[in-house]
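The values are calculated or read from the model by the stated rules, or taken from the named source; none is laboratory data. All values derive from a computational prediction rather than experimental measurement. Heads up, the Cβs are rebuilt from the backbone with ideal geometry, glycines too, and the neighbour counts pull from every protein chain shown. Ligands, DNA and RNA are excluded from the accessible area calculation, which covers all protein heavy atoms including side chains. Shrake-Rupley method; radii C 1.70, N 1.55, O 1.52, S 1.80 Å.
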Amino acid sequence: MSDHFFQPVSGMDLPRFAGIPTFMRLPHLPRGDARWADVDVGIIGVPWDSGTTNRPGPRHGPRQLRDASTMIRAEHGVSGVRPFEAMNCADLGDVGPNPADIQDSMQRITAFYKDVIAAGILPLTAGGDHLSSLPILRAVAEKAPVGMIHFDSHTDLFHSYFDGTMYTHGTPFRRACEEGLLDPKRVIQIGIRGTQYDSEDRDFAKAEGIRIVPIEEFHARGPEDVMAEAREIAGTGATYLSYDIDFVDPTFAPGTGTPEVGGPNSYQALQVVRGLSGVNIVGADLVEVSPPFDASGGTAFLGVSIMFEMLCQIAAGRG
C-alpha cells in the first residue's frame, strides 16, 4: 500500500483548476530529495526538442502535460486499478537541457536518469521530442540491452539527416541499436505509415530483425491481435515502452510536429496500452506533444491519459 504522502491531491479537496500543477497532482520531489528512496515510479519532464527537423514545440510539452494531468483521477474506470495505492509515485521535476547543445543536453539527461535508476525508480517520461529516448535508454539499458514496444507513425531508424547529422528525432533507435541499448529481435514498431524519402529505415529494420507493423496491418488485424504479437516479441525480459503521440490520427491528436493521417482513434490509442499486460516494463515515455499546435489542449489530455494507462499497467505488473 502506498505511503499517504504519495497520494495525489483529490479534486474533492482542491478544485482541479487550482493549486500548482504537478504530474497527476502528485508530490514534487526534486533531484537530491531524500524521499527519492521511497519512490517506485517517477514521472519526469524532458522539455527539449533540439532534435526536431520540422515543426518545433515539444520542449513545451511537459508543462502542458502537467497542467492537463490535473484531470487524472485515482482509479482506472475499466480495470479498477488504483496505481497510486499500489506504488509510490512522484513528480521528479524536469531535466534541465541545454537548448543550444544537443550533446550536452543528452549527457545531462543520461546523468539525471542514471540517478533515477540508481535510486531504484522506474522512470515514466513526458517529452520532449523523440531524440529524448536515446539518452534515457543510455541510463535504462546501461547494464544490458532491453526490448522495446514502440508506437509511432515513423520508425526513427534513419541513419542521418542532411548526410551527416546523426542525432535527430528521426535517428534515436538507429543509434540505440548501434550502441547495444536495444535487442533488435525484441523490438516491435506499431503504426508506421506516411510518405517516405526512401526505404533505408525499413531496410535496416529488416536486416536487424526489428518487427514493423504498418498501419494497414494494424487496422486489418485489430489492436488485440497486434498486441498479442507485441507481448510475444517482448517476452519476459526487460522492455522499454516508447509512445510518440503522432501514432494517433491527427484528427484526435493534432498537437504534434510531424502528423500522419490514417492512424488509430483515441480509444485505440488507449487500447494498445491495455494490451501490455504481463510485459516487464522498465521505463516508458510519451513524446512529441507540441502545444503550439494543440489549441484545444486535447492532444495533451490524450497524452496524459495514455501515461495513466501506462502507470496502471506498471502497477498491475507489480501486483
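Within the stretch 263-319, can you find the residues that are open to solvent by 20 Å² or more (accessible area, probe 1.4 Å) and in contact with a His (Cβ under 6 Å, 6 or more places away or on another chain)?
Correct list: P291 only.
For the subset of the stretch 14-33 comprising residues that are in a loop (DSSP other than H, G, I, E, B) and touching an Asp or Glu at 6+ places or on another chain (Cβ under 8 Å), which member is most open to solvent (accessible area, probe 1.4 Å)? Give the derivation first.
Within the stretch 14-33, the subset in a loop (DSSP other than H, G, I, E, B) is 14-22, 26-27, 29-33.
Going one step further and asking which of them are touching an Asp or Glu at 6+ places or on another chain (Cβ under 8 Å), we end up with 21-22, 26-27, 29, 31.
Values: P21: 58, T22: 22, L26: 5, P27: 24, L29: 5, R31: 119 Å².
Of everything passing the filter in the stretch 14-33, R31 is most open to solvent (accessible area, probe 1.4 Å).
In the stretch 131-163, what count of residues is obtained for those that are open to solvent by 50 Å² or more (accessible area, probe 1.4 Å), under 19 Å from D104 (Cα atoms) and either of a type outside the set (D, E) or out of contact with any Ser or Thr (no Cβ under 9 Å at 6 or more places or on another chain) (or both)?
Residues that pass the stated criteria total 1.
Specify which of the listed residues (A284, A295) is aliphatic (A, V, I, L, M), closer than 22 Å to V41 by Cβ and out of contact with any Gly (no Cβ under 6 Å at 6 or more places or on another chain). Walk me through it before giving the result.
Details: A295 fails: closer than 22 Å to V41 by Cβ.
On inspection, the qualifying residue turns out to be A284.
Taking the options I117, I109, I121, I102, name whichever one is open to solvent by 10 Å² or more (accessible area, probe 1.4 Å), touching a Leu at 6+ places or on another chain (Cβ under 9 Å) and not hydroxyl-bearing (S, T, Y). Steps first, please.
Values: I117 fails: touching a Leu at 6+ places or on another chain (Cβ under 9 Å); I109 fails: open to solvent by 10 Å² or more (accessible area, probe 1.4 Å); I121 fails: open to solvent by 10 Å² or more (accessible area, probe 1.4 Å).
When all the criteria are applied, what remains is I102.
Report the residue count in the stretch 164-182 for those that are buried (at least 22 other Cβ atoms within 10 Å of the Cβ) and either within 21 Å of V279 (Cβ to Cβ) or without any contact (Cβ under 8 Å) to a residue 40 or more places away in the chain (or both).
6
Name the single residue that is surrounded by the most Cβ atoms within 10 Å (Cβ to Cβ) among those in the stretch 37-54 being of a type in the set (D, E, K, R) and touching a Gly at 6+ places or on another chain (Cβ under 9 Å).
Just the residues of the stretch 37-54 that are of a type in the set (D, E, K, R), to begin with: 38, 40, 49.
The next check asks that each one be touching a Gly at 6+ places or on another chain (Cβ under 9 Å); those that pass are 40, 49.
Details: D40: 19, D49: 26.
By that ranking, first place goes to D49.
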